[in-house]
Amino acid sequence: MIPCIAIDDEPLALEVIKKYAFDTPAISLLATFTDAIQAASWLKFNHADLIFLDIQMPDINGIRFYENLKEKPLVIFTTAFQEYAVTGFDLEALDYLVKPIKYDRFIKAVEKAQKTLEKIKSGNEEKGEFIFVKSEYQNIRIPINEIRYIEGLDDYIKIHLEHSPKPLLSLMSLKSFLEKLPTGQFMRVHRSFIVPVKNIRSIHNRFIWLGETKIPVGETYHDAVQEWLSGF
């Protein structure tokens, strides 16, 4: 799933994107914002691969907002004004959706995001977006984007991967494994679990859902998870 956020000063417009995102398995809508300043603050401490971004907002123009981001996720501009399209594409926007947004047009934009991220992912792996883990007397290369979650069991860990029916076993602690991972992309939520924040679909009753997988939130880690949630 593509982790994404949506920014629009109109609550009804955000509701449309929420509904479309819920109906689209390829994306995970992590947060929505009517305030661009709050969105900028969230992005300082959290990761999204894609932004659905309105252009006409009261505090800051969406184009200016995107220009000012230090790390730029893919962006799909959303607006009622057709004339902004040229400017949007000058900023290398992935796509441009004119309101009222149709679902079939939304899907086409998401498909563009999927294809673009696949290319980026391939390039990142070539540049070193992976780690080596010792398992069964071998050093196994693991692409970071393939990690679903990590489970700690006594003195070894299980690394659950997207395209593997069996987890990878390694004799090490969760703490030492977390130190290998990119800062900000993974979060320890329990004495026995680490999860990639991009895979979090929902949090309810002290459980985190990663698609169909339910992960408990430990008492010790509850405050850290709540702090992360406060960015929404």
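Of the conditions (1) within 20 Å of the chain's Cα centre (by Cα); (2) part of a strand (DSSP E or B); (3) of a type outside the set (A, V, I, L, M), Lys134 satisfies every one except a single condition; which number is it? The one condition Lys134 does not meet is (1).
Any chance the stretch 182-191 includes a residue that's on the phi < 0 side of the Ramachandran plot, assigned to a strand (DSSP E or B), in contact (Cβ under 8 Å) with a residue 40 or more places away in the chain and in contact with a Lys or Arg (Cβ under 9 Å, 6 or more places away or on another chain)? Among the residues of the stretch 182-191, not one is on the phi < 0 side of the Ramachandran plot, assigned to a strand (DSSP E or B), in contact (Cβ under 8 Å) with a residue 40 or more places away in the chain and in contact with a Lys or Arg (Cβ under 9 Å, 6 or more places away or on another chain), which makes the answer no.
Table: residues versus (1) more than 14 Å from Cys4 (Cα to Cα); (2) without any contact (Cβ under 8 Å) to a residue 24 or more places away in the chain; (3) not aliphatic (A, V, I, L, M).
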| position | (1), (2), (3) |
| --- | --- |
| Phe22 | no, yes, yes |
| Ala26 | no, no, no |
| Leu29 | no, no, no |
| Ile37 | yes, yes, no |
| Trp42 | no, no, yes |
| Asn46 | no, no, yes |
| Ile55 | yes, no, no |
| Asp59 | yes, no, yes |
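Being of a type outside the set (A, V, I, L, M, F, W, C), over 22 Å from Asn199 (Cα atoms), at pLDDT 90 or above and surrounded by fewer than 20 Cβ atoms within 10 Å (Cβ to Cβ) is a property that does not hold for Asp23. Using the structure shown, decide if Ile194 is modelled with pLDDT of 90 or more and either in the same structural domain as Phe33 (by TED's automatic domain parsing) or in a strand (DSSP E or B) (or both). Yes; evaluated as a whole, the condition is true for this residue. Among the residues examined, Ile5 qualifies as among the β-branched types (Val, Ile, Thr) and outside any loop (DSSP other than H, G, I, E, B). If only residues of the stretch 36-79 that are assigned to a helix (DSSP H, G or I) and polar (S, T, N, Q) are counted, the one that is surrounded by the fewest Cβ atoms within 10 Å (Cβ to Cβ) is Asn68. Please indicate, with yes or no, whether at least one residue in the stretch 28-44 is over 20 Å from Leu94 (Cα atoms) and aliphatic (A, V, I, L, M). Yes, the stretch 28-44 contains at least one residue that is over 20 Å from Leu94 (Cα atoms) and aliphatic (A, V, I, L, M). Among the residues making up the stretch 198-224, those that are crowded, with 19+ Cβ neighbours inside 10 Å and assigned to a helix (DSSP H, G or I) are Lys198, Asn199.
The values are calculated or read from the model by the stated rules, or taken from the named source; none is laboratory data. A quick note: this is a predicted structure, and the numbers were derived from the prediction, not measured. Positions of Cβ are backbone-derived with ideal geometry, glycine not excepted, and every protein chain shown enters the neighbour counts.
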